[in-house]
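The values are calculated or read from the model by the stated rules, or taken from the named source; none is laboratory data. Small disclaimer: the values here were computed from a predicted structure and weren't measured. With ideal geometry, Cβ positions are generated from the backbone for all residues, glycine too; neighbour counts draw on all protein chains shown. Surface accessibility is based on the protein's heavy atoms, side chains included, excluding ligands, DNA and RNA. Shrake-Rupley method; radii C 1.70, N 1.55, O 1.52, S 1.80 Å.
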Amino acid sequence: MTATLLTSLTSPFARKVRVAVLEKAIGAEVRQQLVDPWQNDTTLLSANPLLQVPALTLDDGEVITNSDTILAWLERHYPVPPLWPTDPAARDHAEANAALAQGIIEYAVFTLLERRRPADEQSPSMIQRRESGIARTVAALEQRYTCPTDTFLLDGIGIACALAYLDFRHPQLAWRPQAPRLSRWLDWANARDAMQATRPPSA
């Protein structure tokens, strides 16, 4: 079984999947194809009417969208190595942390796009609301996440991609002094081969 992952080099949503593919060592089975969502890329448009990455095209023509849905597909079809804890309680906790990381990414992307609009069309109150949400969620993960360095599972992948995206696109948020444990852990995560290989080109 092979599949094609439509992706971009700067999307944090796509980066989560790209890191997982490398951590599972299934690059030969999941090929990657770069597309540009902002240029109405016809390949992406034919696969995903939302024009969003990532999108995973299967051999039978089925297309799976949404990063977490794609990650679930990868876990089902390539279960070794597993990227979730096997203990049910540990998995519940990991999935809760992964959801918080996904929320950071969603808020960070929204804020980036809002700030790119003409100044008179921006919503400062909405930007402030999202940035405050990011700060609270980073603080929560500073307390909740154990920052392991013996495993790199999907909760860690999501958190690493979220925090790295803040460094990449939102340096003004200066989250690191407020979360020293996460900051040290992210330095460890960023040194992993899968994170190095998926760094945004201008990061």
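Odds and ends about this structure:
- Structure remark: mean-square fluctuation, Gaussian network model of the chain, C-alpha springs under 10 Å; the largest value among 80, 17, 35 belongs to 80.
- Simple point charges give the picture: +1 on the Cβ of Lys and Arg, -1 on the Cβ of Asp and Glu, and for the chain a dipole about the Cα centre of about 620 debye.
- Accessible surface of the chain [probe 1.4 Å, protein heavy atoms]: carbon and sulfur percent: 53 percent
- Highest GNM mean-square fluctuation among 32, 128, 172, for the chain modelled with Cα contacts below 10 Å: 172.
- Of the residues 61, 140, 44, the one whose Cα sits farthest toward the positive end of the charge dipole of the chain, with +1 on the Cβ of Lys and Arg and -1 on the Cβ of Asp and Glu, is 140.
- Note on residue 38 and residue 199: their simple-model spin labels are 2.1 nm apart, each label 7 Å out from Cα toward Cβ.
- Counted by Cβ distance under 11 Å from residue 170, the other residues give a net charge of +1, where Lys and Arg count +1 and Asp and Glu count -1.
- Entry comment: accessible area of region 128-203 is 48 Å² per residue, from protein heavy atoms only and a probe of 1.4 Å.
- Residue with peak Gaussian network fluctuation, the chain [Cα springs, cutoff 10 Å], from 185, 84, 38: 38
- Computed from backbone phi, the HN-Hα couplings of region 127-135 come to 4, 4, 4, 5, 5, 5, x, 4, 4 Hz, rounded to whole numbers (Karplus: 6.51 cos²θ - 1.76 cosθ + 1.60, θ = phi - 60°; Gly and Pro given as x).
- Working note: Cα atoms of region 55-203, range along each principal axis, descending, whole Å: 49, 40, 30.
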